[in-house]
1. Which of the residues that make up region 467-505 are hydrophobic (A, V, I, L, M, F, W, C) and under 24 Å from residue 421 (Cβ atoms)?
2. Do we have any residue at all in region 462-483 that's modelled with pLDDT of 95 or more and of a type in the set (Lys, Arg)?
3. Mind checking which residues of region 100-122 are in contact (Cβ under 8 Å) with a residue 24 or more places away in the chain and over 13 Å from the mean Cα position of the chain (by Cα)?
4. Select, from 497, 473, 469, 464, the only residue that is open to solvent by less than 10 Å² (accessible area, probe 1.4 Å), within 21 Å of residue 282 (Cβ to Cβ) and over 13 Å from the mean Cα position of the chain (by Cα).
5. Mind listing whichever residues of region 73-97 are assigned to a loop (DSSP other than H, G, I, E, B), out of contact with any Cys (no Cβ under 6 Å at 6 or more places or on another chain) and open to solvent by 10 Å² or more (accessible area, probe 1.4 Å)?
6. Of the conditions (1) part of a helix (DSSP H, G or I); (2) without any contact (Cβ under 8 Å) to a residue 60 or more places away in the chain, residue 186 clears all except one; give me its number.
7. Within region 102-118, which residues are within 11 Å of the ligand (Cβ to nearest atom) and open to solvent by 10 Å² or more (accessible area, probe 1.4 Å)?
8. Has region 468-477 got any residue that is in a loop (DSSP other than H, G, I, E, B), out of contact with any Gly (no Cβ under 8 Å at 6 or more places or on another chain) and over 18 Å from residue 110 (Cβ atoms)?
Amino acid sequence: MQTFGNHTSRTNQSEATPALTRRSFVMGAGALGAFAMLGGLGLTGCAPTTQTADTGEEGEAESFDAIIVGTGGAGLSAAIAAYDKGLSNIVILEKMAVNGGNTNFSSSGMNASETKFQKEQGIEDSNDLFAQETLDGGHNTGDEELVKFMCDNSAGAIDWLDSLGIKLDNITLTGGMSVIRCHRPTDGSAVGLTLVPGLVAAVNERDIPIRMSCEATELVKDGDAVVGIKVKEGGKAKTLNARAVILATGGLGANQEMVTKYRPDLAGYVTTNQPGATGDGYTMAEAAGAELVQMDQIQIHPTVEQETSTLVAEGVRGGGAILVNAEGNRFFDEMSTRDKVSAAEQEQPGGFAWCVFDQQVYDNNKAIAKYDAAGIVQTGADVAALAEAIEVDAATLQATIDAYNAITTDGATDEFGRTEGCIAFTPGAMYAIKVAPGIHHAMGGIRINANNEALDASGNPIPGLYAAGEVTGGIHGNNRIGGNAVCDIEVFGKNVGEVVAAALA
Ligand code: ADP
């Protein structure tokens, strides 16, 4: 293997984060002083870079085998997999002061089929069915080859994460899936808060450098090939040479200008994305000749609390919650795909819904305690008390709940067609979160093949340029199934690391 000299020093890499909230992330991006005061959060990799070989001069570039841009699930996984396949002269760049990207906020879990955990729990599933439901969910606009690759390799990714100490053995259901295949941490908590610290720990164990607050700005080409990347770091512009660059820069939800360039109708929507999700990867890749596909496919998520932009995980509905409108009536199959549920919600009075659930749902979805701590959960000792708290007619809400319970207890057919995740509410405390759609996920992006090579408009790989995760396009088509983003970033993140290591060997 040809190896360039590695002149980078190690960034101070902190330990895994036990509990990072979107709010603290936003503060980390915008108010570092205040953020530092939250020392108890144990921020991942938030220390400033301590690079010692900082020449500050263009032309005296550092050189790597591979540069991975982005510390979300895709980037961290790529680095670990590349390292484990023998590539040690690598570096991860992160423009924010906090690592983990939107992966930090992944809530539902990771869809995967034919896994050992499903088998242990007697859940029958097949990769083909998973692929079919993914394609169906995207209304057959997803890339079949990529979808098949993702599903076929999903169980392997679950095993790989397990080998890194990230056990996802608590399985639930997400909208659009007919089989319980959304893998969560054992305690049912939001997957991102296990995934990111677990991957960061694995990166640290391997001593792979992460350069925080280091923003990639432009790919460097020599002829057709990508041979490096320009960055802004410590107020200086630098060029880093690389034999391969892996873009894992995530989506564009925090860039209103770019969102509305592709989707003018989404002007003014709140976003669930972290502030660093500004679509830089698309700009850099396109300038280097990569094709962007399906860029207008920006997913809005139906259950976003609007004041805090908190995403209420789909697992909450999968675990039994219902959506009722301002009048206390259900209006749609809550387990339908996100595009349809969002559209139905927008047609309701005020364009919002209450996500209503009981103590059982509360207890089985650890993320709810976090929502509660953030002050967005309304509570009542019973249905009537909740109705009063959320100002809907108590009799109507009670009738709605009785009708919902009948689906599970009397075998009644749901008038909205819900067949999944129907779990009767038990008497006692009831809860509700006010939700409406928010910008959530970029389903379009850099066109890749199953080797994660970035492709030009003719379908030819751009030598030296790879991409993985949300920055890529075409896997989800025009509707992403909940739980498939984590599957995407893990399968393709692991894959790109292995592919690049093999290519450079
Ligand atoms: P994925 O789910 O695909 O892994 P994430 O959103 O979780 O995507 O992570 C992407 C990461 O890439 C974020 O931490 C984001 O701040 C980082 N990032 C985005 N643009 C740049 C850039 N220009 N330079 C360095 N890091 C970037």
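The values are calculated or read from the model by the stated rules, or taken from the named source; none is laboratory data. Just so you know, these numbers come straight off a predicted model, no measurement behind them. A quick note on method: Cβ atoms are made from the backbone with ideal geometry, for glycine too, and the neighbour counts reach across all protein chains shown. All accessible areas refer to the heavy atoms of the entire protein, side chains included, with ligands and DNA or RNA removed. Shrake-Rupley method; radii C 1.70, N 1.55, O 1.52, S 1.80 Å.
1. Residues of region 467-505 hydrophobic (A, V, I, L, M, F, W, C): 467-468, 471, 475, 481, 485-487, 489, 491-492, 496, 499-505.
Within region 467-505, 481, 485, 486, 487 meet the criteria.
2. No, that holds for no residue.
3. Here is the first cut: in region 100-122, the residues in contact (Cβ under 8 Å) with a residue 24 or more places away in the chain are 100-118, 120-121.
Passing the criteria: 112, 113, 114, 115, 116, 117, 118, 120, 121.
4. Values: 497 fails: within 21 Å of residue 282 (Cβ to Cβ); 469 fails: over 13 Å from the mean Cα position of the chain (by Cα); 464 fails: open to solvent by less than 10 Å² (accessible area, probe 1.4 Å).
Going through 497, 473, 469, 464 in turn, the sole match is 473.
5. Pass one, region 73-97, residues assigned to a loop (DSSP other than H, G, I, E, B): 85-89, 94-97.
Among the residues that remain, those that are also out of contact with any Cys (no Cβ under 6 Å at 6 or more places or on another chain) are: 85-89, 94-96.
Selection gives 85, 86, 88, 94, 95, 96.
6. (1)
7. Initial filter on region 102-118 (within 11 Å of the ligand (Cβ to nearest atom)): 102-106.
Within region 102-118, 102, 103, 105, 106 qualify.
8. Of the residues in region 468-477, the ones in a loop (DSSP other than H, G, I, E, B) are 468, 473-477.
Going one step further and asking which of them are out of contact with any Gly (no Cβ under 8 Å at 6 or more places or on another chain), we end up with none.
Within region 468-477, not a single residue is in a loop (DSSP other than H, G, I, E, B), out of contact with any Gly (no Cβ under 8 Å at 6 or more places or on another chain) and over 18 Å from residue 110 (Cβ atoms).
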